[in-house]
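The values are calculated or read from the model by the stated rules, or taken from the named source; none is laboratory data. Just so we're clear, the structure is a prediction, and the values are computed from it rather than from any experiment. Cβ placement follows ideal geometry from the backbone for every residue including glycine, while neighbour counts extend to all protein chains displayed.
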Amino acid sequence: MAKRHVQLALMDSSLKGAGSSSEDETSDFSGDEGPYRRSQRRTRRGKTFIKKEQTLSHEVSIVGLLDVEVRGPNVSYTMEECELGVRETTRAELTSVSANVGLLDVEVKGPSVSSAVEQSWLGVRKMTRAELISVSANFGPLDMEVRGPNISSAFEENNSRIIGLAHGETMSVSIKDDVGEAKVKGPSASAGVHANNDGAAVMAKAEYGSLSAKIGDVEAEAKGPSVSAGAKVGSDEVRAMVRSEVFSASLRAGPVGVKAALGADTGLSAGRDGVEAKILGTGFKIGRTTSVSLGGFELSWSF
């Protein structure tokens, strides 16, 4: 059985003033514009919600064997108003394909672009993201997700601070079930700046790839070549550190951790979290997490 339709949905609930009824009112009706149209109105005191979506979809169903749905292109816009301010979200997606065979669910999406803006008396927050492809699968208790090249950015400004972040990643794979989880990440790069009334901080990092696994309280991680640099000056902390590694492997069980690396971390930091000093991978850290490093080998424990 095949079905093809164009969907245009609009949901709008009006903002009520003081003294209005707190009961929700919902109404649905079908209009004459397009093969399918629905408008839903919900009324709730102090809140407005609007959603617009236009989707072209094609569904195929083979009873008892296979269900497939192809959607796209898809463009959606939502606006939500509450006591604190307004949040607007826009998303565009070329296509998405979902399939179900027995216990197996698979979904493929992309390319996609999304953006969000929040405005309130606290300040402004903006977020953007672009992704080439993503694949997710579920088989009973097992979940798997694969993401292709993606870039994202975030910006926040209010009366007390400014934050800017940017991140790019070529690939990531995650697998998890009831027992544990494993993650694989490809080459990535990130940079950020943070400024507030107490001071300012900047950071930049590039990493070739990493592999991590977690079962209960036991965590293991291996990383490829990476380099990072950061600096912070504030009323409660002063830090300047450059970290570079050719390879590293770490293991943590509860509060105790062990790390072996071929690198040359160099820098100094002092603040509320403790004191750290390293020269070419050899040094110490005293604080909530205390560690001793010698030529890239590190033993740490947390209090």
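A few points about this structure:
- Answer residue from region 275-288, given it is touching a residue at least 12 places away in the same chain (Cβ under 8 Å) and surrounded by fewer than 16 Cβ atoms within 10 Å (Cβ to Cβ) and is nearest to Ala260 (Cα to Cα) among those: Leu280
- Of all residues in region 114-132, those satisfying the criterion of being modelled with pLDDT under 95 and either more than 19 Å from the chain's Cα centre (by Cα) or of a type in the set (Val, Ile, Thr) (or both) are Val117, Gln119, Ser120, Trp121, Leu122, Gly123, Val124.
- Residue check, Leu251 farther than 27 Å from Arg125 by Cα and touching a strand residue (DSSP E or B) at 6+ places or on another chain (Cβ under 7 Å): yes
- Near pairs, Cβ below 6 angstrom, 6+ apart or cross-chain, from region 134-151 (over 16 Å from Val108 (Cβ atoms)) to any residue that is modelled with pLDDT under 95 and not in a strand (DSSP E or B): Gly140/Leu103; Pro141/Asp177; Pro141/Asp178; Leu142/Asp177
- Test result for Arg129, among the charged types (D, E, K, R) and either without any contact (Cβ under 8 Å) to a residue 24 or more places away in the chain or surrounded by 15 or more Cβ atoms within 10 Å (Cβ to Cβ) (or both): yes
- Residues satisfying the stated conditions in region 159-185, i.e. over 25 Å from Tyr208 (Cβ atoms) and assigned to a strand (DSSP E or B): Arg161, Ile162, Ile163
- Glu221 falls short of the stated requirement of being at pLDDT below 90 and either surrounded by 15 or more Cβ atoms within 10 Å (Cβ to Cβ) or among the aromatic types (Phe, Trp, Tyr) (or both).
- A single member of Asn100, Asn158 is of a type in the set (S, T, N, Q), modelled with pLDDT under 95 and surrounded by 15 or more Cβ atoms within 10 Å (Cβ to Cβ), and it is Asn100.
- Options Ala99, Ala116; residue that is of a type outside the set (S, T, N, Q), part of a strand (DSSP E or B) and closer than 20 Å to Ala154 by Cα: Ala116
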